[in-house]
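S.K.: So that we are looking at the same thing, I have put the structure below in structure tokens.
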Amino acid sequence: MTIGGAAQLLALLDECAGRTPILPVVIEIDVDHAELLEVQQMGAGRPIADWAPWVNVIAAIDSYPNLTIAAIPRQASCGGLELALAADMRICRPDATLGLFETRMGILPGAGGTQRLPALVGYAHALEIILSGEPIDGQRAEKIGLVQRISDDPLTWAIQFAQRCSLNGSNVLISAKRSVLASRNPDTSGFRLEGKTFLDLVNQPFAKQRMAEWLANQDEQGVH
């Protein structure tokens with residue numbers, strides 16, 4: 001997913017948040033990772049401000065007033081999973097691929113993954129996923145609480161659930177969500193530390209080499 005793609009999704013979310021009434025949103029996610037060529041450009045000195053769409057779209061999902069559901073038919077890893085982690089709920093196919101592969105690229109999750117994943121699955125499971133950089137399937141994801149449901153057709157399930165919730169009224173949903181999230185009150189220092197550490201790593205020769213190897217391996221496998 002490119003910076004431009006993140007900007008497009010952000011525009012759609014802003015449009016939905018500006019409607020009356022504000023309705024639930026279902027986001028179908030099929031993202032392997034952020035465009036690594038753009039990440040490499042960051043390591044080469046591309047302005048950090050260029051990455052604002054990524055930061056802002058994840059923040060927009062996180063702060064959207066009504067229900068947000070991430071439907072994952074095939075994969076949500078790295079930046080794709082960080083998008084999904086910002087949603088209120090996640091649903092995927094049993095054989096979907098989920099993970100945070102960044103450590104295998106010489107970097108770490110830099111868009112909230114190190115903060116949101118432990119809150120969902122606990123520190124031990126989060127460390128297993130992040131430190132190994134290895135994928136898990138949908139069944140494992142449901143077992144540890146990363147996704148709430150598995151379905152052979154996650155998009156349809158998510159839409160139907162959102163429609164049932166909508167029958168309760170937008171004002172009710174928005175008020176109930178606000179009350180539930182008030183129990184969270186996160187300290188933002190962890191997000192700041194994650195961002196600083198990501199920027200420190202992405203400039204290191206080791207990270208540049210690992211990302212180049214990752215891209216070369218994808219090209220050999222015909223993955224784009």
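Read the figures in this text as sums done on the coordinates, not as results from a lab. Keep in mind that this is a model prediction, so the values were computed, not measured. Positions of Cβ are generated from backbone atoms using ideal geometry, with glycine treated the same way; all protein chains shown enter the neighbour counts.
S.K.: Build a GNM of the chain with springs between Cα atoms under 10 Å: which of Cys78, Cys16, Cys92 gets the top mean-square fluctuation?
M.R.: Maximum fluctuation in the GNM of the chain, among the listed residues, is at Cys16.
S.K.: Once you list every other residue whose beta carbon is under 14 Å from the beta carbon of Met89, what net charge do they have if Lys and Arg are +1 and Asp and Glu are -1?
M.R.: +1
S.K.: Suppose R0 equals 22 Å; then what is the FRET efficiency for Thr197 and Ala7 from their Cβ-Cβ distance, rounded to the nearest 0.05?
M.R.: Numbers: r = 25 Å, r/R0 = 1.14.
Efficiency for this residue pair is about 0.30.
S.K.: How long are the semi-axes of the ellipsoid equivalent to the chain, from square roots of 5 times the Cα gyration tensor eigenvalues, in whole Å, largest first? Before the final figure, lay out the partial values.
M.R.: On the way: eigenvalues 167, 75, 57 Å².
After scaling each eigenvalue by five and taking roots: 29, 19, 17 Å.
S.K.: Moving on. With +1 on each Lys and Arg Cβ and -1 on each Asp and Glu Cβ, and nothing else charged, work out how big the dipole of the range 90-224 is about its Cα centre, in Debye to the nearest 20. Could the numbers behind the result be given before it?
M.R.: On the way: 15 positive and 14 negative charges, 143 e Å.
Value, rounded to 20: 680 debye.
S.K.: Test of understanding: what is the full-extension gain from Leu167 to Glu128, defined as 0.36 nm times their sequence separation minus their Cα-Cα distance?
M.R.: 10.1 nm
S.K.: Now for a different question. What is the local net charge at Asp137, summed over the other residues whose Cβ is closer than 13 Å to its Cβ (Lys, Arg +1; Asp, Glu -1)?
M.R.: +1
S.K.: Another one. What's the center-to-center distance, using Cα atoms, between the range 117-133 and the range 57-116 in Å?
M.R.: The range 117-133 and the range 57-116 have Cα centres separated by 13 Å.
S.K.: Given axes a ≥ b ≥ c from the Cα gyration tensor, I'd like to know whether the range 140-201 is rounded (a/c under 1.5), prolate (a/b larger than b/c) or oblate.
M.R.: Numbers: a/c = 2.84, a/b = 1.46, b/c = 1.94.
It is oblate, given that a/c is not under 1.5 and a/b is not larger than b/c.
S.K.: Nearest 5 percent is fine: what portion of the DSSP beta bridges confined to the chain is antiparallel? Before the final figure, lay out the partial values.
M.R.: On the way: 2 of 16 bridges.
About 10 percent, rounded to the nearest 5.
S.K.: Compute, for the range 1-78, the length of the dipole vector about the Cα centre, with Cβ point charges of +1 (Lys, Arg) and -1 (Asp, Glu) only. Units Debye, rounded to 20.
M.R.: Working: 3 positive and 9 negative charges, 20 e Å.
Using only the charged Cβ atoms, the result is roughly 100 debye.
S.K.: Most exposed first by the Cβ proxy, i.e. fewest other Cβ within 10 Å, how do Thr103, Thr156 rank? Mind showing how you got there, number by number?
M.R.: Values: Thr103 17, Thr156 13.
By the 10 Å Cβ count, ascending, the order reads Thr156, Thr103.
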